[in-house]
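Asker: The structure that follows is given in the form of C-alpha cells.
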Amino acid sequence: MSAVTPRKPSYASGTSDVPLLGETIGDNLARTVAAHAEREAMVDHASGRRWTYREFADDVDVVALGLAARGVGKGDRVGIWSPNCPEWTLVQYATAKLGAILVNINPAYRTHELTYVLNQAGITMLVSASGFKTSDYVAMIDEARPDCPRLNDVLVIDTPEWQDLLATGKQGDRVTLDTIAPTLSPDDPINIQYTSGTTGFPKGATLSHHNILNNGFFVGELCGYTEEDRICIPVPFYHCFGMVMGNLAATSHGACMVIPAPGFDAKTTLAAVATERCTSLYGVPTMFIAELAEPSFEEHDLASLRTGIMAGSPCPVEIMKQVIERMGMHEVTICYGMTETSPVSTQTRADDSIERRVSTVGRVHPHLEVKIVDAESGLTVPRGTPGEFCTRGYSVMLGYWEGAGKTGEACLPGPSYSTEAIDTARWMHTGDLAVMDDDGYVQITGRIKDMIIRGGENIYPREIEEFLYTHPDIVDAQVIGVPDERYGEELMAWVVLRDGAEPMTAESLREFASGKLAHYKIPRYVHVVDEFPMTVTGKVRKVEMREKAVELLAVGR
C-alpha cells in the first residue's frame, strides 16, 4: 500500500534579492532628493501647487524647523487632523526628521473620538484643518480642549499662525536638523494609527521608520515604480493606504505624489489622472466602481495608467475586468494587510491572472513570513485548509500605544506598548480566516472576530455597542454587518429597549449619534427585539442575527 503524501503546510516566506532599507525616513528622502532633485515630487490638483523634490525637501525642513521652534522634539506626539492636502504630507516628513511621533486622526471623527485620541496618545501639539465638509474642526477642538490637559499647542492650516510657523522655519538653522539626524534610529516609533478596538475604544498601532518605510518601498517595488511614475492618491492619508502605500512608496522611488482632492470625488480623480498623466491609481473597490460609473468617464484620457492598487475589501470580477480594460490598468495589484502590519502582508503580482486578482489577495510580501494556523491549537494547517492568518517580519508593529493613557503625568520616560495580538514568537495574529493554496496564494474567507468592513473602513462592533449603551433607552445592543451593494457591508444595530421607552428608528438613533460618532460608524438599520438569539452556553448568536437581518431587509425593500 502506497503512503499518502502529506500536503505542504500553509507557510510561505518572501524571498528577495532587494535588501531591506536600514535607514530613517529622513535619510531615505535625502537620498531620493540627491538623485532626483529636479523631478516633480508632489502635485496638488485642487490648488495647482507643485513641488520638485528639491522644493519638497526644502519645505519639509521649513515645517520641521517651525515645529522645533514651538518645542516639538523627539518622542513628542504631534496629531494631524485634516483631509488630504500638501500640508499633511509636509507634516508627515517633517515630524519624521525631528523624531516626533505623528498621530493620524480620522477626518470623520467627532468630539467624543477626538478627545479620546488626544488623551490616549498624549498629544502635545495638534495640526488641524479648519474643517472638512460639514465638520467644524476648530469648534470641536475648542470643545475638547478643556478635557485634554496635555494638549498645549494647536496649529490650524491656512491661517496666519500657519504662515508664522513657515516664516519661523525659514529663519531657522538647517544645522539643527543635521544635529538631530544622527540621534534617530530606524527602529524609533514614528507613527501612531488608530484602529477600532474590540475593547470599545480605538487602539493606537505604533509603527517605526523601519516598519512603514520598508512596507511603502516594497509595495512600490511590486508595482514596478521608478522615478517616471506618477501616483494618484485619492485614498486618505490618515490610513496606511495613503501615507505608506502612497506617499512613502512614491518618495522611496523618486515618483510623484498626485493629490486629486481633499476627499474622494470620482470625477475629480479621473480629471487628475488625465491632467497629470498618472501611471498609477489607488482606491478601494467602491472608489473604482464610482469612477467607472461617472457620467463623464469617457471624457477623460486615461491612457497613461499602467498600474495601481485596489485594497480594503474584495473586488468583484466584473469591476476588475473593467479596471483593466476600460481604465488600462493592466498591472493593477490587490493588497491585503492591516494597520498593525504597516500595512501590507500579501500582494498580487503584475502578471497574475484576473482570476488570481479577484479570488485571492496574492502571495507573501518580500522579507515577510505568513502562515495559516488552527485557531485552537495554534498549529500550522495543511494548504487548502482554513485557519487564522498570521504574519511575521519587519512590518509587525511595535505594539499598541498604552503609556500616555495610564498616567496623569504630562511627560513619560518612554512609551509602553500592549502586544496582546503578537505571540511570543512575534507572529501577528490578524483574526482573519484564510486559506493558502498550493502555489502560496492566500484567500481571505472570513473573520474570526466580527469586524465589519464598510467601504474600506474597518469597524469593530464592540466600539459601537459601547456607545449605544450610553443611550438612555437602550438596555442592550448588538451590532452586525449586513450586505450592501455600495459599501460591501452596512451596520445594523439590534437593540433591547427599556420598558416604556419610545419606539426607536434608524433616524432617531442617527440623530442621537450625530456629532458623537464618525458618520460611517452610525448604524444604517435598527431592529428592536425583546432578546437576542443565544447559544445554550449564553453567547449571542451573531451568525443567526445576520441570517435573520438579510431576510428582514429583503422584505423591507
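The values are calculated or read from the model by the stated rules, or taken from the named source; none is laboratory data. Being a predicted model, the structure only gives us computed values, none of them experimental. FYI the Cβ positions are ideal-geometry reconstructions off the backbone, even for glycines, and counts take in every protein chain you see. Accessible surface is based on the protein model in full, side chains and every heavy atom, while ligands, DNA and RNA are left aside. Shrake-Rupley method; radii C 1.70, N 1.55, O 1.52, S 1.80 Å.
Asker: Using the structure shown, decide if residue 370 is touching a strand residue (DSSP E or B) at 6+ places or on another chain (Cβ under 9 Å), farther than 19 Å from residue 239 by Cα and not aromatic (Phe, Trp, Tyr).
Answerer: Values: touching a strand residue (DSSP E or B) at 6+ places or on another chain (Cβ under 9 Å): yes; farther than 19 Å from residue 239 by Cα: yes; not aromatic (Phe, Trp, Tyr): yes.
It is true that residue 370 is touching a strand residue (DSSP E or B) at 6+ places or on another chain (Cβ under 9 Å), farther than 19 Å from residue 239 by Cα and not aromatic (Phe, Trp, Tyr).
Asker: Now, a different point. Report those strands (runs of 3 or more DSSP E) wholly inside the stretch 23-127 carrying at least 1 residues which are under 15 Å from residue 238 (Cβ atoms) and open to solvent by less than 10 Å² (accessible area, probe 1.4 Å). Can you show your working first?
Answerer: Numbers: elements: 40-44, 49-52, 77-81, 101-105.
Here the list reads 77-81, 101-105.
Asker: Oh, and also: Determine which member of the set 98, 90, 20, 65 is in contact with a Ser or Thr (Cβ under 7 Å, 6 or more places away or on another chain), within 22 Å of residue 182 (Cα to Cα) and not β-branched (Val, Ile, Thr).
Answerer: Numbers: 98 fails: in contact with a Ser or Thr (Cβ under 7 Å, 6 or more places away or on another chain); 90 fails: in contact with a Ser or Thr (Cβ under 7 Å, 6 or more places away or on another chain); 20 fails: in contact with a Ser or Thr (Cβ under 7 Å, 6 or more places away or on another chain).
The conditions single out 65.
Asker: Going by what's in this entry, would residue 201 be described as touching a Pro at 6+ places or on another chain (Cβ under 8 Å), under 28 Å from residue 131 (Cβ atoms) and open to solvent by 10 Å² or more (accessible area, probe 1.4 Å)?
Answerer: Values: touching a Pro at 6+ places or on another chain (Cβ under 8 Å): no; under 28 Å from residue 131 (Cβ atoms): yes; open to solvent by 10 Å² or more (accessible area, probe 1.4 Å): yes.
Considered against the rule, which asks whether it is touching a Pro at 6+ places or on another chain (Cβ under 8 Å), under 28 Å from residue 131 (Cβ atoms) and open to solvent by 10 Å² or more (accessible area, probe 1.4 Å), residue 201 comes out as no.
Asker: Any residue in the stretch 179-193 that's in contact (Cβ under 8 Å) with a residue 24 or more places away in the chain and in a helix (DSSP H, G or I): show its pairings with residues that are of a type in the set (Ser, Thr, Tyr) and buried (at least 20 other Cβ atoms within 10 Å of the Cβ) at Cβ separation under 8 Å, as long as the two are six or more apart or on different chains.
Answerer: Pairs found: 181/24.
Asker: Oh, and also: How many residues, within the stretch 136-153, are open to solvent by less than 20 Å² (accessible area, probe 1.4 Å) and either outside any helix (DSSP H, G or I) or without any contact (Cβ under 8 Å) to a residue 24 or more places away in the chain (or both)?
Answerer: Counting residues in the stretch 136-153 that are open to solvent by less than 20 Å² (accessible area, probe 1.4 Å) and either outside any helix (DSSP H, G or I) or without any contact (Cβ under 8 Å) to a residue 24 or more places away in the chain (or both) gives 2.
Asker: Continuing with the same structure: Of all residues in the stretch 340-378 being assigned to a loop (DSSP other than H, G, I, E, B) and more than 29 Å from residue 210 (Cα to Cα), which is most open to solvent (accessible area, probe 1.4 Å)? Let's see the steps before the verdict.
Answerer: Taking the stretch 340-378 as the starting set, the residues that turn out to be assigned to a loop (DSSP other than H, G, I, E, B) are 342-343, 348-353, 360-362, 365-367, 374-378.
Now restrict to residues that are more than 29 Å from residue 210 (Cα to Cα): 353, 374-377.
Working: 353: 57, 374: 59, 375: 66, 376: 170, 377: 71 Å².
It comes out as 376.
Asker: Same structure again: Might you check whether a residue that is open to solvent by 10 Å² or more (accessible area, probe 1.4 Å) and either of a type in the set (Gly, Ala, Ser) or at pLDDT below 95 (or both) occurs anywhere in the stretch 206-222?
Answerer: Applying the first criterion (open to solvent by 10 Å² or more (accessible area, probe 1.4 Å)) to the stretch 206-222 yields 210, 217, 221-222.
This time we only want the ones that are either of a type in the set (Gly, Ala, Ser) or at pLDDT below 95 (or both), so: none.
No, the conditions are met nowhere in the stretch 206-222.
Asker: Continuing with the same structure: So in the stretch 505-528, with the set limited to residues that are touching a residue at least 60 places away in the same chain (Cβ under 8 Å) and open to solvent by less than 30 Å² (accessible area, probe 1.4 Å), which one is farthest from the chain's Cα centre (by Cα)?
Answerer: 515
Asker: Note down all Cβ pairs under 6 Å where the first residue falls in the stretch 318-330 and is more than 12 Å from residue 289 (Cβ to Cβ) and surrounded by 15 or more Cβ atoms within 10 Å (Cβ to Cβ), the second is among the polar types (S, T, N, Q) and modelled with pLDDT of 95 or more, and they're at least six residues apart or on different chains.
Answerer: Pairs found: none.
Asker: Please find, within the stretch 2-14, the residue that is surrounded by the most Cβ atoms within 10 Å (Cβ to Cβ) out of those that are more than 26 Å from the chain's Cα centre (by Cα) and in a loop (DSSP other than H, G, I, E, B).
Answerer: Applying the filter and picking the extreme gives 10.
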